[in-house]
Amino acid sequence: MENENSFTHVALFPAQGVGCFIGSISVTGKTKWDVLDSLVKRTFKQYLSRIDQSTNLGLTSESIHAFVVGEVYRTKDGDIPELLPYGYLVGETTNIKIILKGKLLNCSHSRYYSTSVAHIKFPCQVSFLQKEW
């Protein structure tokens, strides 16, 4: 039985963009996929409220298209993978990548995030990152 916690870094990857660290979550050997889904959404919402308290950059947890854990590409309506999430966080794989809805889905969430953060919220984001590191 596993008692170890794996603190997993969550990074945001706008479509064709470079990742941005947004937080950490604890994943144990007992964490189920529905719990991880909720943790990823909550981490994203907390990140948005930190960098833009008034409008959350106009994004919500519904702006998330998928997240990637190891080899697993997890979407909202996707099948539950064979192993629990902890089983995919092995070796050097300790990150969860959030992928926003973007051009392939005829949505502008990813482009909006990239533009807003890069030009309007950059000082807030730098401040947040300095606090976390």
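Key figures for this structure:
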quantity: Residue satisfying all of: in the stretch 89-105; at pLDDT below 85 and part of a loop (DSSP other than H, G, I, E, B); nearest to G23 (Cα to Cα) among these; calculated: T94
quantity: Restricting the stretch 38-70 to residues that are of a type in the set (D, E, K, R) and modelled with pLDDT of 90 or more, the residue that is farthest from K101 (Cα to Cα); calculated: R42
quantity: Residue tally, condition more than 18 Å from T43 (Cβ to Cβ) and hydrophobic (A, V, I, L, M, F, W, C), over the stretch 66-93; calculated: 4
quantity: Complete set of residues in the stretch 43-88 that are in contact (Cβ under 8 Å) with a residue 12 or more places away in the chain and in a strand (DSSP E or B); calculated: I64, H65, A66, F67, V68, V69, V72, R74
quantity: One residue from V10, V27, V35 being modelled with pLDDT of 85 or more and assigned to a strand (DSSP E or B); calculated: V27
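The values are calculated or read from the model by the stated rules, or taken from the named source; none is laboratory data. As the structure is a computational prediction, the values presented were derived from the model and not from experiment. For neighbour counting, all protein chains shown are included, and Cβ atoms are generated from backbone atoms with ideal geometry for every residue, glycine included.
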